[in-house]
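No lab work stands behind these numbers, since they all come straight from the coordinates. Note that this is a predicted model, so its numbers are computed, not measured. Neighbour counts run over all protein chains shown; Cβ positions are idealised from the backbone, glycine included.
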Amino acid sequence: MSGEKVRREAPALDVTPAVPAMPAGALREGAVPEGLEPEKVQLKSLSREGLERFVVEELGEKRFRAGQLFNWMYVRHAASFDAMTSLAKDLRTKLAEVATLHSVVPHEAYQAPDGTTKVTFRCYDNAVVEAVWIPNPDRNTLCVSSQVGCAMGCTFCLTAKMGLVRNLEVGEIVDQVVHIRRLFPEEEHGRLTNIVMMGMGEPLHNYDNVVEALKLMTHDEGLQLSNKKVTVSTSGLVPAIQRLGDDITINLAVSLNATTDVVRDAIMPVNRRWPIPVLMETLRTIPLKQRRRITIEYVLLGGVNDTMDDAARLVKLLKGVPCKVNLIPWNPHPGTAFQRPEPEQVAAFQEYLLARNLNALIRETRGIEAMAACGQLGKPGTRMPKRLRLQVEAAQQASADGAAEIGAL
Ligand code: SF4
């Protein structure tokens, strides 16, 4: 990176919580949720190779059993070892004694009239994380969480108010996807096609676990999602952005949200460590595979970053960055002074970018009624309809007693 073009040096990856973290003990009271067994081996936290080692070295079984187990977990979405009928009964018994299939259990769901559904999951320590199912006629997208809370302290985001409680384990990230596939079976809802790591947390702040989880999601024997349809969104952790392309091929989205360091410092404290010039130079210089483009996320906050001067600065900043721009009108939540931008201002902002050959989309607001829209995760919304509630309860029951396949309900 050129020294002249940057204002400040990028320090090492060490992000101190920008807002006080919720005491970790706060969520650990109460019994372990039914269906979770934290003392056992978490199978969904193991890589394909790790699973093979476990099967051969710990269980004394043949290597090919790992392939069968992997298939039951990620292709057939088995809810229990008993459902894995191609495995010998004594192997299933052995597995149930030392390992567990479930790393999170569905807790509640909140559905907006457009079908966007926020599903909350409970972890072993009673921490609650959220995933959002976003249906569309041509694709279904799942927004997945990577941390309990978030350390980044973006002032417009509800999750930030929790502070960082802890990182999610690999299995806790992957299991959100497996449970959602069971709750929204393909025959009824269409295939889950897209994953966006844009739920609670800064994915690149939980780098190793997120990369391992993404490998399971895109593994051709695993969840089999196309790496062209999987996106990691970051607030701008520069050293992690620089590493990511070497470790995995997926799409990158960067939350920019301001065109001056003064404003970005104020709304995204991460900017004080990696300011706009450092971030933009990184985006200009990282190698992108397969002609991919970076998605620049720009949350429009009324009167803060939505002026035509901002639009003009944004065009200049993005010069030389292979990108498309997602304009996201800010979604309100209680307890902040921010305003949703005027629709005319959003349209004018987009037109300015389009006229200067920037590919700019206004991201349709989805799930706002269920507090499931961007920046709204961390609080409940409208309760779920009865049918979905029954499915969630069935999933909880299946996790607890290993009795039923949810897809059969
Ligand atoms: S916007 Fe993203 S990075 Fe910023 S606080 Fe919220 S969850 Fe964290």
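Can you work out the FRET efficiency for the pair V56 and E186, with r the C-beta to C-beta distance and R0 = 41 Å, to the nearest 0.05?
After rounding, the FRET efficiency stands at 0.80.
Order of D220, D114 from fewest to most other C-beta atoms within 10 Å?
The order, fewest Cβ neighbours first, is D220, D114.
Which entries of K62/K89; K118/K324; K229/K324; K94/K215; K228/K289; K161/K215 show an alpha-carbon separation above 19 angstrom in the structure shown?
Violating the 19 Å limit, Cα to Cα: K118/K324; K94/K215; K161/K215.
If R0 is 35 Å, what FRET efficiency do you get for S86 and V32 from their C-beta distance, rounded to 0.05?
The computed FRET efficiency comes out at 0.70.
Just to be sure I understand the model, the point goes 7 Å from the Cα along the line to the Cβ. What's the resulting A347 to R76 distance in nm?
About 5.4 nm, to one decimal.
Which FRET efficiency, nearest 0.05, do S47 and L361 yield, Cβ-Cβ r, R0 25 Å?
For R0 = 25 Å, the calculated efficiency reads 0.10.
How would you classify the stretch 42-101 from its alpha-carbon gyration tensor, with a ≥ b ≥ c the square roots of the eigenvalues: rounded for a/c under 1.5, else prolate if a/b is greater than b/c, otherwise oblate?
rounded
For A253, which sequence-distant residues (separation of 5 or more, or a different chain) have an amide H within less than 5 Å of its own amide H, given hydrogens modelled in the peptide plane?
Answer set, sorted by chain and number: V232, S233, T234, T295.
Using modelled backbone amide H atoms (1.01 Å from N, in-plane), which distant-in-sequence or interchain residues come within less than 5 Å of V41's amide H?
Placed amide hydrogens put A99, T100 under 5 Å from V41.
Picking from A266, A160, L214, whose Cα lies most toward the positive end of the charge dipole for the stretch 156-314 (charges on Cβ: Lys, Arg +1; Asp, Glu -1)?
Towards the positive end, the residue furthest out is A266.
Work out from phi, with θ = phi - 60° and the Karplus expression 6.51 cos²θ - 1.76 cosθ + 1.60, the ³J(HN,Hα) of each residue of the stretch 264-276, listed in order in whole Hz, and give x for Gly and Pro.
5, 4, 6, 9, 9, x, 4, 5, 5, 8, 10, x, 3
Enumerate the residues in the stretch 28-64 having an amide nitrogen under 11 Å from the point lying 7 Å beyond the Cα of N126 toward its Cβ.
Of the residues in the stretch 28-64, 28-33 have backbone N under 11 Å from the label point off N126.
Can you tell me the length gained on complete extension of the stretch N136 to Q242, counting 0.36 nm per residue apart and subtracting the Cα distance?
Extending this stretch completely gives an extra 34.9 nm.
Per 10 Å bin, what percent of the C-alpha pairs of the stretch 75-211 does each bin hold, from zero upward?
Using 10 Å bins, I get a P(r) of 11, 38, 33, 15, 3, 0 for the stretch 75-211.
Let me spell out the model: positive unit charges on the Cβ of Lys and Arg, negative unit charges on the Cβ of Asp and Glu, origin at the Cα centre of the stretch 42-101. What dipole size does that give, in debye rounded to 20?
Here the size comes out at about 180 debye.
Using the alpha carbons of the stretch 218-272, what is the convex hull volume per residue in cubic angstrom, as a whole number?
That works out to 88 Å³ per residue.
Could you sort the peptides 255-265, 116-126, 179-189 by per-residue average Cβ neighbour count (10 Å cutoff), highest mean leading?
116-126, 255-265, 179-189
Per residue and in Å³, how big is the convex hull formed by the alpha-carbon atoms of the stretch 103-370?
So the per-residue Cα hull volume is 129 Å³.
For the stretch 144-154, take each phi angle, set θ = phi - 60°, evaluate the Karplus expression 6.51 cos²θ - 1.76 cosθ + 1.60, and give the result in whole Hz per residue in order, putting x for glycine and proline.
Each residue of the stretch 144-154 in turn: 10, 8, 10, 9, 8, x, 6, 8, 7, x, 4 Hz.
In debye, nearest 20: dipole of the stretch 103-370 around its Cα centre with unit charges on the Cβ of K, R (+) and D, E (-)?
760 debye
Convert each backbone phi in the stretch 111-116 into a coupling constant with the Karplus relation 6.51 cos²θ - 1.76 cosθ + 1.60 (shift: θ = phi - 60°), then list the ³J(HN,Hα) values in order as whole Hz, x for Gly and Pro.
Ordered by residue, 3J(HN,Hα) equals 10, 8, x, 7, x, 4 Hz.
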